[in-house]
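Every number in this text was worked out from the coordinates using simple rules, so none of it is lab data. The model shown is predicted, which means the values in this text are computed figures rather than measured ones. Here the Cβ positions follow ideal geometry from the backbone for every residue, glycine too, while neighbour counts run over all protein chains shown.
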Amino acid sequence: RDLHPFPTRRSSDLSDPRARVVRSERPGATVARNVGWRIARHDLIGFVDDDVEVQPGWADAFVSAWHDHPDASFITGRIRIPAGQGTLAVAVKDDPDPATFGRRDAGLLGHSASLAVPRQRLAELGGFDESLGPGSRFREADDVDLFDRLLAVGGYGRYEPAADATHDQWRRIRQ
C-alpha cells in the first residue's frame, strides 16, 4: 500500500543495511520530512538536515531523553557552529543545560535540523506544514509552527544538549 501520494526513489547505494534513502520528487524540506516519518518504522522519529553533522551518541541521546521524558511532544538537540566558521549563527542552539518547554515559554526551543518527535504526535497533527520551510512558499518557521502546534495541544518539549551536532554555516545573511 502506498503511504504517500507522490513518487519516491530509494537508493541502493548504502553501506548500512538498516538505512535507506528515500527521495521525494516534490521539493521542500517539510515535504521530505513528512515522507520520511510516514515510512519510518520506529516510534521515535529523528530529523537531521543535510548540512548538519551529528556527533557520536546523537541518536542514543534522543532515545535516552525520550525514555526519561516519555510524555515529551518533541526533543531538540544541541547545534553548534563548526570550528573556524565564525559567529554567524544560522539554526544554532548551544545551551549547555537540558531544559523543558511549555506553552507559555518564549525563546528559542531548538530547530528541526536536529530533532526527535514521537510518531504518534506527528500523526495527531499531520506532521509538518508543507507550506512552510526551505523549498516551500514560505521559506521559514516550519519547526516553530510544529513546536507551537505540539505545545498547543498540551504537550511539552525538551532540549537535550547530549544530542550534539554542528551546523555548517554556509549561508550569507540574505540566504
Which order, highest average first, do 63-73, 141-151 follow once you tally other Cβ atoms within 10 Å for each residue and take the mean per peptide?
-> 141-151, 63-73
For the chain, give the magnitude of the charge dipole about the Cα centre (Cβ charges: +1 Lys/Arg, -1 Asp/Glu; no others), in debye to the nearest 20.
-> 580
Can you list, bin by bin at 5 Å, the percent of alpha carbon pairs in the chain, starting at 0?
-> 1, 8, 16, 21, 22, 17, 11, 4, 1, 0
Pick out, from H69, V22, S112, the residue whose Cα sits farthest towards the positive end of the charge dipole of the stretch 15-116, with +1 on the Cβ of Lys and Arg and -1 on the Cβ of Asp and Glu.
-> V22
Whether the stretch 23-123 is rounded, prolate or oblate, judged on the alpha carbon gyration tensor where a/c under 1.5 counts as rounded | oblate
If a/c stays under 1.5 just call it rounded; otherwise compare a/b with b/c (prolate if a/b is bigger, oblate if not). Do that for the stretch 82-144, with a ≥ b ≥ c from the square roots of the Cα gyration tensor eigenvalues.
-> oblate
A89 and E124 label points (each 7 Å along its Cα→Cβ direction) are spaced in nm at 3.1
